[in-house]
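No lab work stands behind these numbers, since they all come straight from the coordinates. Here the structure is a predicted model, which is why all the values come from computation and not from measurement. Cβ atoms come from the backbone with ideal geometry, glycine included; neighbour counts cover every protein chain shown.
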Amino acid sequence: MKKLFLSLLFITIFSSFALATSYLPPPTKSSDFDGDGRADYAVFRPSTGMWYIQRSILGFTAVQFGVSLDKPVAADYDGDQKTDIAVFRPSNGIWYIQRSREGLIAIQFGEAGDITQPADYNADGKVDIAVFRPSNGTWYIYDLAANQFSAFQFGQAGDIPVAAHYDGDRKADVAVFRNGNWYIQRTRDGFVGIQFGQAGDKPLPARYDSDHITDLAVFRPSNGVWYVNRSVLGFTGGRQADSLNNSPITN
Ligand SMILES: [Ca+2]
Ligand SMILES: [Ca+2]
Ligand SMILES: [Ca+2]
Ligand SMILES: [Ca+2]
């Protein structure tokens, strides 16, 4: 019954941008709201500011946090292993973060047009606030815990930022997706360019398998299929994409 409900929930939510498809996004291992080490499935409905979260231990919850046009940026900002509900409001550039351990905080960082890229860039166990500004190809990163700011150029206008953990150290790597090409500045293994996907695809890198390396993945609106390349380090180029479809929404 729970599985059926989840499936219906995801069909409802994702059908809004999945362009009439029966395919579901593959499960990822990126959110854990109750801190039990198992992924929880969550969706944010921008029209109402409602969060719907299926937690592996604590069960289902619906929380109102945010307003229409806010962008969800849930992550573990206070380092207690529990994902924190959070939104970025483009109209005022403010991040509203409901931290599970350290409480609510509101921080102005970024502006309308910026693309949010929260990740743990310095491996202190806490996700850092970050945005990519397409107009100048610049990344702006703010380490909330240490109150340190950094900015550097990587990418160009039109790129889609896809920061994630691509080389297995604990520092997030900045990266951009450009018409089917991934340009990744890895903190340990250096720069790499990988072709995976094509122009028009929507990149959605995430950890789809059990290692700690982010897998390249794209959603192709034209046919409604997700393509996942498990483990970027093992990819040598030219290999047929693994297609995932109708993955059961289970933990
Ligand atoms: Ca969990
Ligand atoms: Ca937390
Ligand atoms: Ca950090
Ligand atoms: Ca790294």
- Query: Given a Förster distance of 25 angstrom, what is the FRET efficiency for ASP36 paired with GLU102, based on the Cβ-Cβ distance and rounded to 0.05?
  - Reply: 0.80
- Message: How big is the dipole moment of region 125-181 about its Cα centre under a simple scheme where the beta carbon of each Lys and Arg is +1, that of each Asp and Glu is -1, and everything else is neutral? Debye, nearest 20, please.
- Response: 100 debye
- Item | Gain upon complete extension [ASP124, GLU111; 0.36 nm per residue less C-alpha separation] | 2.1 nm
- Message: As an exercise, use a Förster radius of 35 Å and the Cβ-Cβ distance of VAL43 and ASN223 to find the FRET efficiency, rounded to the nearest 0.05.
- Response: 0.95
- Dipole size in debye (nearest 20) for region 31-79 around its Cα centre, Lys and Arg Cβ +1, Asp and Glu Cβ -1? 260 debye
- Note on the structure: Calc'd 3J(HN,Hα), region 37-54, phi into Karplus 6.51 cos²θ - 1.76 cosθ + 1.60 (θ = phi - 60°), Hz, glycine/Pro = x, comes to x, 10, 5, 10, 9, 9, 9, 10, 9, x, 5, 10, x, 8, 9, 10, 10, 9
